[in-house]
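Have a look at the structure below, then the notes.
None of the figures in this text is laboratory data; all of them are computed from the coordinates on show. Computed from a predicted structure; not experimentally measured. Virtual Cβ from ideal backbone geometry, glycine too; neighbours counted across all protein chains shown.
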Amino acid sequence: MKTLYMDWSGDPGFKFNRGSSKFLAFACLATTAGFAEPLKKLRDDYRLGSNFYFHFKNASELIKPAFFSLLAQTDITAVALRVDKPALGQDWRKMRGDDLVAHFVAETVAEMPAESIDNAVLLIDGSRDEVALQQRIRIAVSDKLRRVGSTLLKDIRVRPAREEDGLQVADMLAGATASEHIGDNALLGYLHDKAKLIDFTGK
């Protein structure tokens, strides 16, 4: 199955004095070889256990560079988009959270190569019962791809990241992108020729 993997880091809220994240970061990626073997190697090398779940927020500072170094050796095409939320104007801030997420999921997917999008299944990290968000994303992505004249997806599905190595990779990439220094981020530097980085400030 031809697959795109999508995840995001941060929240769509704007109540920064109450803990809303400064950045909302999205990652979409594709591979022709799969991620099972490289992630198995990393789990084995660091004795993490066969069911270890890679999650950026919980990953140690030892694991993160090893993960991205290994990822750089894989056949991967990726787009990482960071939204600088404090820079966004009132029109953005009036949007519902799910609509804001769906909009930037669509923007990120649309930056992927047409051959990666064409008739692919977009897998999104989440609970299978998140029907409303899934539908908003489905509409936003479809509308965006049609507007830019791109190829279209076959389907959009939601899966828990624990079930999909590709979603764990997307989680790690989104987490690294949601940082203060996107331009000189050491982790993203491993993927300088494999990942397109976009810094969205609302302009």
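Could you compute the longest span of the chain free of GluC sites (Glu not before Pro) located in DSSP loops and having at most 12 other Cβ atoms within 10 Å, not counting the site residues? Walk me through the intermediate numbers first.
Numbers: sites that count: 61, 180.
Answer from the scan: 62-179.
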Item to check | Phi to ³J(HN,Hα) by Karplus 6.51 cos²θ - 1.76 cosθ + 1.60 over the stretch 152-168, Hz, x for Gly, Pro | outcome: 10, 7, 7, 6, 10, 9, 10, 9, x, 4, 4, 8, 9, 4, x, 6, 5
Next on the checklist: With just the Cα atoms defining each centre, how far is the stretch 1-55 from the stretch 153-180? Give it in Å.
Outcome noted: 4
Item to check | Among 119, 185, 58, residue whose mean-square fluctuation peaks in a GNM of the chain (springs only between Cα atoms under 10 Å) | outcome: 58
Item to check | In order through the stretch 68-78: 3J(HN,Hα) via Karplus (6.51 cos²θ - 1.76 cosθ + 1.60), integer Hz, x for Gly, Pro | outcome: 6, 5, 5, 4, 5, 8, 9, 7, 10, 10, 9
Checklist entry - Once you charge only the Cβ atoms, +1 for Lys and Arg and -1 for Asp and Glu, what is the size of the charge dipole of the chain about its Cα centre, to the nearest 20 debye? => result 520
Item to check | Fraction of antiparallel bridges per DSSP, the stretch 3-200 only, in percent to nearest 5 | outcome: 50
Item to check | Selected from 172, 112, 95 as most flexible by GNM, with the chain as the system and alpha-carbon contacts under 10 Å | outcome: 95
Next on the checklist: Within a 10 angstrom radius of the beta carbon, how do 127, 9 rank from fewest other beta carbons to most?
Outcome noted: 127, 9
Checklist entry - Given that just one value was derived from the coordinates, which of (1) 57, 18, 15; (2) 25, 20, 16; (3) 33, 17, 15 is semi-axes √(5λ) of the Cα gyration tensor in Å? => result (2)
Item to check | Above-threshold pairs, the threshold being 19 Å between Cα atoms, out of 22/64; 2/64; 64/194 | outcome: 22/64; 2/64
